[in-house]
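K.L.:
Just dropping this structure here.
The values are calculated or read from the model by the stated rules, or taken from the named source; none is laboratory data. What you see is a predicted model; the values in this text were computed from it and never measured. Cβ atoms come from the backbone with ideal geometry, glycine included; neighbour counts cover every protein chain shown. Areas reflect the complete protein model, heavy atoms only, side chains present, ligands, DNA and RNA absent. Shrake-Rupley method; radii C 1.70, N 1.55, O 1.52, S 1.80 Å.
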Amino acid sequence: MATATEGSKGLRIAFIHPDLGIGGAERLVVDAATELVRCGHQVDMYTAYYNPERCFAETKTGGFAVRVAGGWFPRHILGRMMALCAYIRCVLVAIHIAWRCFRLGTASAYDVVIADQVAVVVPVVKMLMPRARVLFYCHFPDLLLTQRKSTLKRLYRAPLDYLEEQTTGAADLVLVNSNYTRGVFAETFQRLASRGIDPGVLYPAVPIPESSELQAAEASWRSELDPDLAAFIAGGTTFLSINRFERKKGIRLALEALHELTARMAQVEAEKATRGSEAAPQQARGEIDTEPPARLVVAGGYDPRLAENVEYLVELKEAVRQLGLEQSVRFLPSFTDRQRTLLLASCRAVLYTPQHEHFGIVPLEAMAAGRPVVACNSGGPTESVTHGSVGFLCEPTAAAFAGAMRELMDPRVAERMGKRARAHVVGRFSRQAFGDQLDGYVRSLAVGRLRKQEGAKGAAGGSTGLGKAPKGKLGGKEL
């Protein structure tokens, strides 16, 4: 497998990503671009939407250019056809790249193009830029992320679903984010599986903050966060939820778990009160303390352009009212990277509520900051969170989550798990390891050294997915 240490010169690499906002998919492509720059490549990020005021910091400091094209085409038509519009916008991005390379000459041509989320760009790139090899990163089959409740919706989705499978299979190399997604890929794209296309696993990664950074954040969150929010967090044992404001993220589960935990703690206090005659002498001696209340901060990506984001935040606030948690929950949409760091420093643990999540970058970020994680026992978190050691994997019920939260109310338990969590991420999910493996993939693609893709050898032998590259394929033909 080709590596940067073998004396290969840097490659010209282009990314195509639909909307470069703030989310797990965006975190991955930004990390990938940053790491490929570190490995000596020249990288450009192309997207149909980019807001410098709402983006990851590395889009400005990562050493790669961000170029916008195709944004003039609408994201939807009367609130519908978002998938079709995304396809068209990304095709326009691909056409822009090809035109730009043609206008600037062969020296500007790209060796490798990396696309994600929208596979329809793959054959467009291969047709307009035949020199470039194409790597497609499948976060999850898009056809599984939408419902088909009406005949009209099924008719609309049928050609898009067919296109997704066929164009995904046209890539020179397909990677996925977890063994869970790899299994779903095989079950969903059965035509590709019958052709022997078995994607490799390249786990997302997170930057590992220095211990000094974590200590500084723990010392300064009270002064740097908004005073009202800081006072709220300091007034109890605070759990943190980080997710985009989308219904599939299941954030209501965190609210219901907090309600259940609060009820359990109130019952314990009531039982103490009934033992008044026994407890009074102890209380006089200061031997019985009332536990600090459990609290929750719900933070996440929020785009006012997206109707679901707006509607779901309203729904969650109404749920808080219905559950009587007005004094126990705070919302923080669209936080900054620095706020994320401070929130992680201030919380007891992170609640991660999506079910059947493709991978989930938030648990890694939490563990890298030394915070245990409570997550659903399905999907990607089963590959990143070791139950009982670095956190808890729970059934998606309020009772199960509340039970895990109750254990973490003990600061000694949370501290022990947090230390193990950080060591776990440092050893298996560092960004440098992710970047080195990706560097090997793109260099191998560029020199044509990948052979027919027969299995994710880098991941099938273990749970990390790091260190080896799977074999590759070019539209079903050997490279």
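K.L.:
Could you list all residues from segment 231-262 that are open to solvent by less than 50 Å² (accessible area, probe 1.4 Å) and either assigned to a helix (DSSP H, G or I) or of a type in the set (Ser, Thr, Tyr) (or both)?
P.N.:
Passing the criteria: PHE232, ILE233, THR237, THR238, SER241, LYS249, LEU253, ALA254, LEU255, ALA257, LEU258, LEU261.
K.L.:
Contact list please: Cβ distance under 6 Å, first residue in segment 217-230 and surrounded by 15 or more Cβ atoms within 10 Å (Cβ to Cβ), second residue part of a helix (DSSP H, G or I) and not aliphatic (A, V, I, L, M), pairs at least six apart or on different chains.
P.N.:
ALA217/THR341; TRP221/SER346; ALA230/ARG222
K.L.:
Another question about this same structure. Taking the options GLY379, GLY455, GLY427, name whichever one is closer than 15 Å to TYR352 by Cβ, out of contact with any Leu (no Cβ under 9 Å at 6 or more places or on another chain) and at pLDDT below 95.
P.N.:
GLY379
K.L.:
Being closer than 20 Å to LEU408 by Cβ and open to solvent by 20 Å² or more (accessible area, probe 1.4 Å) is the requirement here; does GLU365 meet it?
P.N.:
Answer is yes for this residue.
K.L.:
Mind listing just one residue for me: the one in segment 336-365 that is part of a helix (DSSP H, G or I) and under 12 Å from the mean Cα position of the chain (by Cα) and, of those, nearest to PHE429 (Cα to Cα)?
P.N.:
Within segment 336-365, the match that is nearest to PHE429 (Cα to Cα) is LEU364.
K.L.:
Among the listed residues GLY183, GLY196, which satisfies the condition of being under 28 Å from GLU365 (Cβ atoms) and either free of Cβ contacts under 8 Å to residues at least 40 places away in the same chain or in a loop (DSSP other than H, G, I, E, B) (or both)?
P.N.:
GLY183
K.L.:
Which of the strands (runs of 3 or more DSSP E) contained wholly in segment 64-167 include at least 2 residues that are surrounded by fewer than 20 Cβ atoms within 10 Å (Cβ to Cβ), among the β-branched types (Val, Ile, Thr) and touching a strand residue (DSSP E or B) at 6+ places or on another chain (Cβ under 7 Å)?
P.N.:
65-68
K.L.:
Do we find that ALA399 is crowded, with 22+ Cβ neighbours inside 10 Å, touching a helix residue (DSSP H, G or I) at 6+ places or on another chain (Cβ under 7 Å) and either on the phi > 0 side of the Ramachandran plot or of a type in the set (Gly, Ala, Ser) (or both) in this structure?
P.N.:
Criteria not met by ALA399.
K.L.:
Looking only at segment 423-449, count every residue that is of a type outside the set (Gly, Ala, Ser), open to solvent by 60 Å² or more (accessible area, probe 1.4 Å) and in a helix (DSSP H, G or I) and tell me the total.
P.N.:
The total comes to 5.
K.L.:
For the condition hydrophobic (A, V, I, L, M, F, W, C), within 19 Å of ILE208 (Cα to Cα) and surrounded by 22 or more Cβ atoms within 10 Å (Cβ to Cβ), what is the one hit in VAL374, VAL385?
P.N.:
VAL385
K.L.:
Say we look at segment 294-316 and pick out the residues that are in a helix (DSSP H, G or I) and among the acidic types (Asp, Glu); which of these is nearest to GLY23 (Cα to Cα)?
P.N.:
Among residues in segment 294-316 that are in a helix (DSSP H, G or I) and among the acidic types (Asp, Glu), the one nearest to GLY23 (Cα to Cα) is GLU308.
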